[in-house]
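Trainee: Just passing along the structure, written as structure tokens.
The values are calculated or read from the model by the stated rules, or taken from the named source; none is laboratory data. The structure displayed is predicted, hence computed values, not measured ones. Glycine gets a Cβ as well: all are built from the backbone with ideal geometry, and neighbour counts include every protein chain shown.
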Amino acid sequence: MDQLSQTFSALADPTRRAILARLATGAATVGDLAEPFDMSLPAVSRHLKVLTEAGLIERHTEAQWRRCELRGEGFRVAADWIELYRKFWENQLDRLGDFLKRTAPEPVKGKSRARRKP
């Protein structure tokens, strides 16, 4: 699987997105990350493996603790892809705005738009 597909596949799961949100506040141990979820440590470890393989987090061993932290490089692939399409759509909307300005009818001068009552 290519890097972009792997990144979006990892981001598709709400549990993994919650883990990433927690790591955005700072590094955490596997136990800390598992705490809010109603799942086993092995299940959390599987989520962490997916995030690691996608390049979104790094895991380090410190004494008996396994610490995790965000890895910016993994997000860059997705951000670059999204930026390409953001620029495309921004350009399209700018062109649409220019077209609407060019083709807008001229306001009629001297005539009131208010409806008269019979």
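Trainee: Looking only at the range 42-73, how many residues end up being of a type outside the set (D, E), at pLDDT below 90 and not in a strand (DSSP E or B)?
Mentor: Total satisfying the criteria: 3.
Trainee: What's the total number of residues in the range 1-18 that are outside any helix (DSSP H, G or I) and more than 19 Å from W81 (Cα to Cα)? Walk me through it before giving the result.
Mentor: So in the range 1-18, the residues outside any helix (DSSP H, G or I) come out as 1-2, 12-13.
If we keep only those that are more than 19 Å from W81 (Cα to Cα) as well, we get 13.
Going through the range 1-18 one residue at a time, the tally reaches 1.
Trainee: For the range 41-58, enumerate the residues that are under 23 Å from V77 (Cα atoms) and either surrounded by fewer than 15 Cβ atoms within 10 Å (Cβ to Cβ) or touching a residue at least 24 places away in the same chain (Cβ under 8 Å) (or both).
Mentor: Residues satisfying the conditions are R46, H47, L48, K49, V50, L51, E53, A54, G55, L56, I57.
Trainee: Pairs needed: first member in the range 17-40, farther than 13 Å from R59 by Cα; second member anywhere, of a type in the set (V, I, T) and modelled with pLDDT of 90 or more; C-beta distance under 7 Å; at least 6 residues apart or different chains.
Mentor: A34/V44; F37/T15; F37/V44
Trainee: Residues being surrounded by 11 or more Cβ atoms within 10 Å (Cβ to Cβ) and farther than 17 Å from A24 by Cβ: count how many of those fall in the range 59-74.
Mentor: Qualifying residue count, the range 59-74: 2.
Trainee: Which pairs do you get when a residue that is surrounded by 10 or more Cβ atoms within 10 Å (Cβ to Cβ), found in the range 76-100, comes within reach of a residue that is of a type in the set (S, T, Y), reach meaning Cβ atoms under 9 angstrom, with the pair 6+ apart or on two chains?
Mentor: V77/T7; A78/T7; W81/T7
Trainee: Name the single residue, out of those in the range 26-41 being in a loop (DSSP other than H, G, I, E, B) and over 23 Å from the mean Cα position of the chain (by Cα), that is nearest to W65 (Cα to Cα).
Mentor: Among them, the one singled out is E35.
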